[in-house]
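Right, one structure below, let's go through it.
The values are calculated or read from the model by the stated rules, or taken from the named source; none is laboratory data. Note that this is a predicted model, so its numbers are computed, not measured. Cβ sites come from the backbone with ideal geometry, for glycine too, and all protein chains shown count toward neighbours.
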Amino acid sequence: MRIRILQRIFSFPVALACLLIVLAVLTVRPHFDDPDMWWHLKNGEIVWTAHTIPVVDLFSYTANHLASIPHEWLAEAVIYGAYRSGGFSGLMLLLCFLAAALLVAGYGLCRLYSSNAKVAFVGAMVIWFFATVGLSMRPQMIGYLYLIAELALIHLGRTRNPRWFFWLPILFAVWINCHGSFILGIFLGGVFLFSSFFCFQLGSLISQRWDPHCRRMLALALALSAAALFLNPVGIRQIMYPVNTLLHQPLGLGNVEEWGPLRLTDERGVGLFAVLLCCFLLVVVRRADLYWDELLLLALGTWLAGSHMRMLFVFGILAAPVLSRQLSSSWDDYKADEDRIWPNAVFVGMSMLVALLAFPSRQNLAQQVEAQEPAKAVAFIEANRLSGPMLNDYGFGGYLIWAAPEHPVFVDGRSDIYEWSGVLNEYGQWAALQSDPNILLDKYKVNFCLLSPQSPMVRVLPLLHKWKIVFSDNNSVILVRTASVSGTG
């Protein structure tokens, strides 16, 4: 009995899962700082300490009190809870946990599809490769973990017991309050339901009609999931928010790099085509079957990733189990009765030790923040008591919301509210030198600017003879109106 327990604890699949944990820690270790992490952290602090969910903008003076959609409030509370428990180290621990959970859960999903522990590891590596586009301390990490959970529940309900479907409404009730990717989850459920009606075979493309009882159970579970979406603070507006983002926020989608289209020369772009080519070559050369619902998922993932680079994350999650299933017969699965306990135990122990040693120190995390954010500029502003209004670089807004809350920001990563208010358009034209700089500065009575050294305005504003550089470092530049310079020291 004891031997069997040890075989399960120190099995070959567990050793592979531990290797994925090490990979997750090593991947996110140098990427602690993210510009949007900070305003998520501030929102989470409000939820945690004030026991209220913000439904208006509280951090800017340009869009102050404009209605906002708290579509990530629960995930933000989790993020702040990690910070409250351990500061930067607590945040990093949560990031490592979520990254590891994504890879291990992806491994489990690929193993469900392929029934092959070795091939499933290949699928997990596919997920890792595309996930590197967005492994950061943001609510999307939780959202994509739920996406993997949904695919696993649908697979279990289809292949084992339809009762698994009824975990979906619970999943969606939480998901909608964590991240906007819930809308993708609802759509994916519809894809599976749609494909369940078809029965045909076109060469190696196969569609198997589902058992009517199983189909009805999925339909009922999806209906309950749609109803569960209303368990959110603002009702239908939160449900429609992802649609609004895609259809009615052209500036945000067009000017933020991660929302831009996939570059075919990018290494992940090449990887996407390599995965698709592999899937279809396996159909042609090895006569590996491709199911109708899998084809639909691959098409959806490709379209999303091609349209928006950040959706490569989604493509990896959708494509990995399909590729794993197709490769399942290409590599013999491990045999549990031949598992070698002690080598596996040593490997598991070494993996956990490496993950522990790789975890960054508090000093390292603080250095990462200082290297990326205008920390010294904030110290200068406080030491010299610069007074606003302040115009800040778009990328600095999130950090300023957290580190300098007494200075309302001009703009930050919440592009939705700034696009709705018209501020994003004004700022974009100003930053790109497409309008007279004085018009915007005078309209908002800007007293000092905190900009990136790469901003064209750093060179333009001093030429206007109304502005003077009073601070600069590798990260940021502060310019003040000449009438205010005497108070800067």
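Flag: PHE194 matches the condition of being out of contact with any helix residue (DSSP H, G or I) (no Cβ under 6 Å at 6 or more places or on another chain), part of a helix (DSSP H, G or I) and either modelled with pLDDT of 95 or more or not charged (D, E, K, R) (or both). When LEU277, LEU295 are checked against the criterion of being in contact (Cβ under 8 Å) with a residue 40 or more places away in the chain, part of a helix (DSSP H, G or I) and closer than 30 Å to SER207 by Cα, a single residue qualifies: LEU295. All of (1) within 29 Å of the chain's Cα centre (by Cα); (2) touching a residue at least 60 places away in the same chain (Cβ under 8 Å); (3) within 20 Å of ARG481 (Cα to Cα) hold for TYR427 with one exception: (2).
Which members of the range 427-455 meet the condition of being assigned to a loop (DSSP other than H, G, I, E, B) and exposed (fewer than 14 other Cβ atoms within 10 Å of the Cβ)?
ALA432, LEU433, GLN434, SER435, ASP436, LYS445, PRO453, GLN454
Surrounded by fewer than 21 Cβ atoms within 10 Å (Cβ to Cβ) and either of a type outside the set (Lys, Arg) or not in a loop (DSSP other than H, G, I, E, B) (or both): is that true of VAL133 in this structure? Yes: the conditions hold for VAL133. Counting only residues that are at pLDDT below 95 and surrounded by fewer than 17 Cβ atoms within 10 Å (Cβ to Cβ), the range 284-299 holds 5 of them. Among residues of the range 86-103 that are without any contact (Cβ under 8 Å) to a residue 24 or more places away in the chain, those with a beta-carbon under 7 Å from a residue that is aliphatic (A, V, I, L, M) and part of a helix (DSSP H, G or I) at least six positions away or on a different chain give the pairs GLY86/LEU93; GLY90/ALA82. The residues in the range 380-419 that are modelled with pLDDT under 95, of a type in the set (A, V, I, L, M, F, W, C) and either closer than 19 Å to VAL460 by Cα or surrounded by fewer than 17 Cβ atoms within 10 Å (Cβ to Cβ) (or both) can be counted, and the count is 0.
Residues in the range 362-408 that are in a loop (DSSP other than H, G, I, E, B), more than 23 Å from the chain's Cα centre (by Cα) and touching a residue at least 60 places away in the same chain (Cβ under 8 Å): PRO374, ASN384, ARG385, LEU386, SER387, GLY388, PRO389, PRO405, PRO408.
Only one of the numbered conditions (1) under 18 Å from PHE396 (Cα atoms); (2) part of a loop (DSSP other than H, G, I, E, B); (3) not charged (D, E, K, R) is not met by LEU41, and that is (2).
Considering the conditions (1) outside any helix (DSSP H, G or I); (2) surrounded by fewer than 23 Cβ atoms within 10 Å (Cβ to Cβ), HIS179 is excluded by exactly one of them, (2).
Put simply, of SER307, SER330, SER361, SER324 the only residue that is out of contact with any strand residue (DSSP E or B) (no Cβ under 8 Å at 6 or more places or on another chain) and outside the structural domain of LEU151 (by TED's automatic domain parsing) is SER361.
Looking across the range 45-93 at every residue that is part of a helix (DSSP H, G or I) and of a type in the set (Phe, Trp, Tyr), the one that is nearest to TYR444 (Cα to Cα) is identified as TRP73.
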